[in-house]
1. Ala99 versus (1) at pLDDT 95 or above; (2) in a helix (DSSP H, G or I); (3) surrounded by 15 or more Cβ atoms within 10 Å (Cβ to Cβ): which is the lone unmet condition?
2. Return yes or no: is Gly112 within 21 Å of Gly244 (Cα to Cα) and part of a loop (DSSP other than H, G, I, E, B)?
3. Based on what the data block shows, is Ile356 in a strand (DSSP E or B), within 23 Å of Leu123 (Cβ to Cβ), in contact (Cβ under 8 Å) with a residue 40 or more places away in the chain and not charged (D, E, K, R)?
4. Looking at the stretch 115-146 only, could you name the residues that are assigned to a helix (DSSP H, G or I), touching a strand residue (DSSP E or B) at 6+ places or on another chain (Cβ under 7 Å) and under 17 Å from Val67 (Cβ atoms)?
5. Across the stretch 67-93, which residue is farthest from the chain's Cα centre (by Cα) among those that are part of a loop (DSSP other than H, G, I, E, B) and surrounded by fewer than 22 Cβ atoms within 10 Å (Cβ to Cβ)?
6. For the stretch 224-311, list the strands (runs of 3 or more DSSP E) that sit wholly inside it and hold at least 1 residues that are within 30 Å of Ala200 (Cα to Cα), free of Cβ contacts under 8 Å to residues at least 60 places away in the same chain and touching a strand residue (DSSP E or B) at 6+ places or on another chain (Cβ under 6 Å); which are they?
7. If you go through the stretch 169-212 one residue at a time, how many are in a loop (DSSP other than H, G, I, E, B) and touching a residue at least 24 places away in the same chain (Cβ under 8 Å)?
8. For Arg197, work out the one condition from (1) within 30 Å of Val37 (Cα to Cα); (2) modelled with pLDDT under 95; (3) not polar (S, T, N, Q) it doesn't fulfil.
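The values are calculated or read from the model by the stated rules, or taken from the named source; none is laboratory data. Just so it is clear, the model here is predicted, and its values are computed rather than measured. Glycine gets a Cβ as well: all are built from the backbone with ideal geometry, and neighbour counts include every protein chain shown.
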Amino acid sequence: MTASESPPRSIESRWREIVSGRSRGIGATLVRGGLSVVRVPYALGTRLRNIAYDWGWLVSTRLPLPVISVGNLTVGGTGKTPTVAWLVQLLQSLGYRPAIISRGYGSADEQGNDEKRLLDRLLPGVPHRQSPDRLAAAHGLLTEGVPPDILVLDDAFQHRCVQRDIDLLLIDCLNPWGYGHQLPRGLLREAVSGMQRARAILLTRSDQIDPESLQALREVIAQYTPASTYMTHFEPVGLVDSWGGLAPLNGWYGREVAAFCGIGNPMGFQRTLVACGYAVPEARFRAFPDHHPYSAADLEQIGEWARSYGAECLLTTAKDMVKIPIPIIRNLPIRAVEIALRMDHEADEIAFTEQIRSWLATTLRGS
């Protein structure tokens, strides 16, 4: 690949351009029309399924310990992985022994997918099972070794077969309503009214929109639910190498940098780079599909592409780094930007902690 060539776009990135409206022309308009037709049976199916659970026609299984679900209304990109890490650490500080259960989308081997590998590094010793059958995974955790005393269900807001005591809903301030349509016409997994099931809502990337837009978003949420709403952001904490070593964020200031990622919200990563002091030009930024499994050919192509633009080093996300087995590509060192979830206001963090403590105490008294 030469410097004059643009990196090829994936089917996913092309689909996002179409559903977002960024792609114009007759062809894109026709595709949006077709996707709108396909959306109808999908939306009907999700609505009927939710009604079946709400009315008791489908039954959620109660487990013998408290369960907290972390999820979102849209597909990918809200920051669930750092949020789960933050929540598990909070539960540990309250004296609990948490375990994590997730579906394992994109898992290629027994090590699990990128999210599990990253959480294993961030949360050493915390049990984490991945399975499409989350109920079976939960029973497995409860019968092996020292059982946990609380479960965190990762990406399970729509997975209602397991009863939960607390539903935490994440809403990305950069694209809260998934372009205003349900799949496949937009990014919404279900109708926006589904947020009524949430006991608390975390607005992620609240630092990346203006105060007026943030207030307007909170007003829309208030029309659907009285749930407590907390503003959060992802704070860059350092540059991580392939062995997990952490270096200061400014370690590569003054060097020519290229960046790539395979996550649900590449725009969020671009803005994080700017916040870190790395204003990577569009030509030196490459986005792969979410959960992309990097092959040797991919890495070779990334190195060739970056060098063609004069890059001296490569930046990626922590989720991508755990899938890359080498520290250098074509003589270009790789580092990941490590991020951590933070509440915007200390008072909110105290209030959220007390809310979790109170909810869990009530759950345990009633069990």
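1. Failing condition for Ala99: (2).
2. Working: within 21 Å of Gly244 (Cα to Cα): yes; part of a loop (DSSP other than H, G, I, E, B): yes.
Yes; evaluated as a whole, the condition is true for this residue.
3. Spelling it out, it is not the case that Ile356 is in a strand (DSSP E or B), within 23 Å of Leu123 (Cβ to Cβ), in contact (Cβ under 8 Å) with a residue 40 or more places away in the chain and not charged (D, E, K, R).
4. Of everything in the stretch 115-146, those that are assigned to a helix (DSSP H, G or I), touching a strand residue (DSSP E or B) at 6+ places or on another chain (Cβ under 7 Å) and under 17 Å from Val67 (Cβ atoms) turn out to be Arg134, Leu135, Ala137, Ala138, Gly140, Leu141.
5. Val75
6. Passing ranges, in order: 228-240, 257-261.
7. Applying the first criterion (in a loop (DSSP other than H, G, I, E, B)) to the stretch 169-212 yields 173-177, 181, 183-187, 189-191, 198-199, 205, 209-210.
Still in the running and touching a residue at least 24 places away in the same chain (Cβ under 8 Å): 173-177, 181, 183-187, 189-191, 198-199, 205, 209.
Here the count works out to 18.
8. (2)
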